[in-house]
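To start, I am sharing the structure in question, which I have written as structure tokens.
The values are calculated or read from the model by the stated rules, or taken from the named source; none is laboratory data. None of the values given here were measured: they were computed from a predicted structure. Quick reminder, even Gly has a Cβ in these numbers, built from the backbone with ideal geometry, and neighbours come from all protein chains shown. Accessible surface is based on the protein model in full, side chains and every heavy atom, while ligands, DNA and RNA are left aside. Shrake-Rupley method; radii C 1.70, N 1.55, O 1.52, S 1.80 Å.
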Amino acid sequence: QVQLVESGGGLVQAGGSLRLSCTESSGRTFSDYYMGWFRQAPGKEREFVAHISRFTGVTYVAESVKGRFTASRNNAKTTLYLQMNSLKSEDTAVYYCAASTVAGASSPIQYPYWGQGTQVTVSS
């Protein structure tokens with residue numbers, strides 16, 4: 001099955017930046033999948049952050065992060081990225097990458113494959 005591993009999380013001051021990475025390590029064809037980023041804060045539902053197409057790099061992001069977060073992918077490296085700028089305290093959450101066969105998927109149930117998550121903490 002698809003195996004995803006996130007990295008790049010950490011503690012950052014409000015207004016700062018982080019870049020998250022997600023690498024597919026199972027040997028499955030990375031470019032077969034649409035990819036997404038989600039986040040989940042304690043006591044809250046898992047929230048859609050960003051989606052990216054398989055080949056063209058077309059993305060869309062949640063309104064809460066529009067203009068601040070950018071998703072990208074490098075299929076040759078089987079890696080997904082999330083560049084996070086102008087971070088706010090409300091961005092604090094565990095961030096997950098996920099793989100889907102559904103174009104434009106924004107619901108967690110549309111993503112059968114998930115990484116373990118990486119913690120992002122934004123301090124003010």
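Hey, could you check segment 94-124 for residues that are assigned to a strand (DSSP E or B) and small (Gly, Ala, Ser) and say which is farthest from Gln40 (Cα to Cα)?
Ser100
When you look at Glu6, is it assigned to a strand (DSSP E or B), acidic (Asp, Glu) and at pLDDT 95 or above, yes or no?
yes
Quick one: in segment 13-28, which of the residues that are without any contact (Cβ under 8 Å) to a residue 60 or more places away in the chain and farther than 11 Å from Ala99 by Cβ is surrounded by the most Cβ atoms within 10 Å (Cβ to Cβ)?
Restricting to residues being without any contact (Cβ under 8 Å) to a residue 60 or more places away in the chain and farther than 11 Å from Ala99 by Cβ, the top hit is Thr23.
Something else about it: So which residues in segment 29-72 are in a strand (DSSP E or B), without any contact (Cβ under 8 Å) to a residue 40 or more places away in the chain and open to solvent by 30 Å² or more (accessible area, probe 1.4 Å)? Write out each step before concluding.
Kept after step one, since they are in a strand (DSSP E or B), are these residues of segment 29-72: 34-40, 47-52, 59-61, 69-72.
Among the residues that remain, those that are also without any contact (Cβ under 8 Å) to a residue 40 or more places away in the chain are: 50, 52, 59, 61, 69-72.
Selection gives Thr59, Val61, Thr70, Ser72.
Can you report the number of residues in segment 76-124 which are in contact with a helix residue (DSSP H, G or I) (Cβ under 6 Å, 6 or more places away or on another chain), open to solvent by 50 Å² or more (accessible area, probe 1.4 Å) and under 21 Å from Val58 (Cβ atoms)?
Result for segment 76-124: 1.
Tell me, which residue of segment 1-12 that is more than 12 Å from the chain's Cα centre (by Cα), surrounded by fewer than 17 Cβ atoms within 10 Å (Cβ to Cβ) and not polar (S, T, N, Q) is nearest to Thr79 (Cα to Cα)?
It comes out as Gly10.
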